[in-house]
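One structure is given below, encoded as structure tokens.
All of the numbers you see were taken from the coordinates with simple rules; none came from a lab. Just so it is clear, the structure is predicted and the values come from calculations on it, not from any experiment. Here the Cβ is made from the backbone with ideal geometry for all residues, glycine too, and neighbour counts use every protein chain on show.
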């Protein structure tokens, strides 16, 4: 199944990334059209649905109870080591988490569908991107969140999924759009 997911991403990932190249993301109307198109293509839980509760233990062994963070805005990213789109968005996610690091009402989490050892090796070479990261099985992500593509970004407010998009946040305009969505829901 993991090979199938990797093959699907290998086939669809470049298509998704090339689609952004057909739009002038500096033009606000084209940016909105691109985001609308990509949001409609995103698989996963329907926006407005209750987000499944989860147990969370990060790669450092720190446990985080869902009930302790449910009242905060949860910004969640699913990814895996070796994902091309995931690598492309790292610098932008670092900027995002750095800009919002003092916001106690926002929690950045990631589910990495790779072994803890792979994640640790990856972070030791590249650094992390500011999200608390847990190693999870890709099958668990698929069963709980109905998603196979990486990266996928979720914004969860009061236990409800309010935003979902399966594209890399890999352009300044996409970063600004994503940050504005996060701040919109945080207020």
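Going by C-beta contacts inside 10 Å, put 177, 140 in order with the fewest on the left.
140, 177
State the antiparallel share, in %, of DSSP beta bridges confined to region 58-187, rounding to the nearest 5. Let's see the in-between values first.
Working: 10 of 21 bridges.
Taking every DSSP beta bridge with both residues in region 58-187, the antiparallel ones total about 50 percent.
Return an integer: the convex hull volume of the alpha-carbon atoms of region 140-179, in Å³ per residue.
For region 140-179, the hull spanned by Cα atoms encloses 65 Å³ per residue.
Tell me, 93, 183 in order of fewest to most beta-carbon neighbours within 10 Å?
Details: 93 26, 183 14.
Fewest to most other Cβ atoms nearby, the residues stand as 183, 93.
If every alpha-carbon in region 84-185 counts as one equal scatterer, what log10 I(q)/I(0) does Debye give at q = 0.13, 0.19, 0.22, 0.25 1/Å?
These q points yield log10 I(q)/I(0) values of -0.47, -1.07, -1.44, -1.71.
Under a point spin-label approximation (7 Å from Cα along Cα-to-Cβ), what is the residue 98-residue 139 distance to one decimal in nm?
Reported label-point gap for residue 98 and residue 139 is 4.0 nm.
For residue 160 and residue 105, calculate 0.36 nm times their separation in residues minus their Cα-Cα distance, and state this gained length in nm to one decimal. Kindly include the intermediate steps, with their values, before the conclusion.
Numbers: separation 55, 0.36 × 55 = 19.80 nm, distance 1.55 nm.
Taking 0.36 nm per residue and subtracting the Cα distance, the gain is 18.3 nm.
Most exposed first by the Cβ proxy, i.e. fewest other Cβ within 10 Å, how do 102, 58 rank?
Details: 102 7, 58 17.
Ranked by crowding around the Cβ, least crowded first: 102, 58.
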